[in-house]
Amino acid sequence: MKKYESLSKPELETLLNELEASYKTAQKKGLKLDMSRGKPAPEQLDLSNGLLNINIDDSYISKDGLDCRNYGGLTGIPEAKLLFAELFCVPVENTIINGNSSLNVMYDMISRGVTHGVMGSTPWCRLEKVKFLCPAPGYDRHFKITEHFGIEMITIPMTETGPDMDAVEKYVNGDKEVKGIWCVPKYSNPQGISYSDETVRRFANLRPAAKDFRIYWDNAYIVHHFDDNNQDEILDLFNECNKAGNPDLALMFSSFSKISFSGAGISATSASKANLDFIQNSMQIQTIGPDKLNMLRHVHFFKNLDGIKAHMQKHAAIIKPKFEIVLTKLAEEIGGLGIGEWLNPKGGYFVSFAAMPGTAKTIISLCKEAGVTMTEAGATYPYGIDPNDSNIRIAPSFPTVAELNQAMDLFILCVKLAGVRKLLQG
């Protein structure tokens, strides 16, 4: 294929006419497809329907003797803690089981920092300025939390091995106003990048200027690979922090949101005893106890880590072909044209597409006008501002295969159309 930038102006104008004619035809199809979020497809949710049929009438007493129908059990039942501790490779006593949303837990943690400070530190609301590091492209909902609380966000570039650690170390070790960093360490949202061993070790060995600095380690895709024989592995941050003499540095989060039911799973926080004591002091005022019956259902359904892994193979069988559609179409239709680049993730929920600079907003708008809704351009950056207007997050999981094929055909057409228009503008 010939790169678009090597085409003459007459060639580009001819191509533009062809693409605009194809786009008008696409608009007439009346598509109404939503690829804006990384939601599990109904077929994936069906995999966990057995949770709804579990009878726990005669087994509602947890291993520590708690009646799961009643109040109490602030930090969750032992069986569920063991399930997550196996996932995290951390001691059971360093794990708290929460409700269905880890995002809610992270919001609470930021809120505590703002109103009460972190483990005895000055509440952030009393400080002149509070800053957070935001690796980008990154998870838009992370950024929305810190923006909501008026925290200044600093963009940290992502590399193929994780966040730019030179930049991270400069800010964390040299600026006491920096209180945290958002991280999705495995199959990152949206790029699908997994942090290298060196990156994890450098995180563990940070020497923060602020004693209340924490790493917000959102391990959302910890078992979400497409192929058991070709998956990424990341070092355990909890153990690395202990080795480095920084036991309080890491706050680790995960959930079953894309393992069982997105709206009715369970989540967990793992951290040092000092961090968990601080969190529990707030929780005992916030709630009388979590939904322990849902924890029991999950334990009965999955049983152990092997049960989770077997379940995730079923997820992979559904989602992997969809990613293959996206990656194959991109390679066949755009590869070599010089109007876009992308990564080939081994897991997670997204494909990160880097369009020709200055065209992402146009592409998203063109898609929307022809019936395909995608995540807004810029959403993967703090304040929704992508300085290059380039990154686009493709979410293949929810549409059917037929819908995904239609959506990708339109997306590719819009990428080409926006690219030619940009080149003709000079």
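The values are calculated or read from the model by the stated rules, or taken from the named source; none is laboratory data. Computed from a predicted structure; not experimentally measured. We place every Cβ from the backbone using ideal geometry, glycine too, and count neighbours over all the protein chains shown. Each accessible area value is taken on the protein alone, full model and side chains, heavy atoms only, with ligands, DNA and RNA left out. Shrake-Rupley method; radii C 1.70, N 1.55, O 1.52, S 1.80 Å.
Take the conditions (1) more than 30 Å from Val351 (Cα to Cα); (2) in a loop (DSSP other than H, G, I, E, B); Gly113 misses just one of them, which is (2).
Whether a residue is surrounded by 15 or more Cβ atoms within 10 Å (Cβ to Cβ) and within 19 Å of Tyr221 (Cα to Cα) was assessed, and Thr75 does not pass this test. For Glu147, the test of being closer than 29 Å to Ala355 by Cα and either modelled with pLDDT under 95 or among the charged types (D, E, K, R) (or both) is passed. Only a single item in (1) within 28 Å of the chain's Cα centre (by Cα); (2) open to solvent by 30 Å² or more (accessible area, probe 1.4 Å) is not met by Leu15, and it is number (1).
Being crowded, with 21+ Cβ neighbours inside 10 Å and either in contact with a Gly (Cβ under 6 Å, 6 or more places away or on another chain) or of a type in the set (Lys, Arg) (or both), is that true of even one residue in segment 156-167? Within segment 156-167 (the criterion being crowded, with 21+ Cβ neighbours inside 10 Å and either in contact with a Gly (Cβ under 6 Å, 6 or more places away or on another chain) or of a type in the set (Lys, Arg) (or both)), the answer is no, since none of the residues qualifies. Pairs linking a residue in segment 376-400 that is more than 28 Å from Ala317 (Cα to Cα) to a residue that is modelled with pLDDT of 95 or more and of a type in the set (Phe, Trp, Tyr), with Cβ atoms under 6 Å and 6 or more positions apart or on different chains, are Pro382/Phe143.
When segment 331-371 is filtered for residues that are open to solvent by less than 30 Å² (accessible area, probe 1.4 Å), assigned to a helix (DSSP H, G or I) and closer than 22 Å to Gln231 by Cα, nothing remains. Within segment 291-322, the set of residues being open to solvent by 30 Å² or more (accessible area, probe 1.4 Å) and within 17 Å of Asn104 (Cβ to Cβ) comprises just one member, Asp291.
Where residues in segment 313-339 are in contact (Cβ under 8 Å) with a residue 60 or more places away in the chain and small (Gly, Ala, Ser), which of them is nearest to Ala355 (Cα to Cα)? Top of the filtered list is Gly338.
For segment 226-258, a tally of residues being surrounded by fewer than 16 Cβ atoms within 10 Å (Cβ to Cβ) and part of a strand (DSSP E or B) returns 0. Applying the condition of being of a type in the set (D, E, K, R) and under 12 Å from Arg201 (Cα atoms) to segment 238-268 and asking which residue is farthest from the chain's Cα centre (by Cα) yields Lys243.
For segment 157-164, state whether one or more residues are without any contact (Cβ under 8 Å) to a residue 60 or more places away in the chain and assigned to a helix (DSSP H, G or I). No, because not a single residue in segment 157-164 is without any contact (Cβ under 8 Å) to a residue 60 or more places away in the chain and assigned to a helix (DSSP H, G or I).
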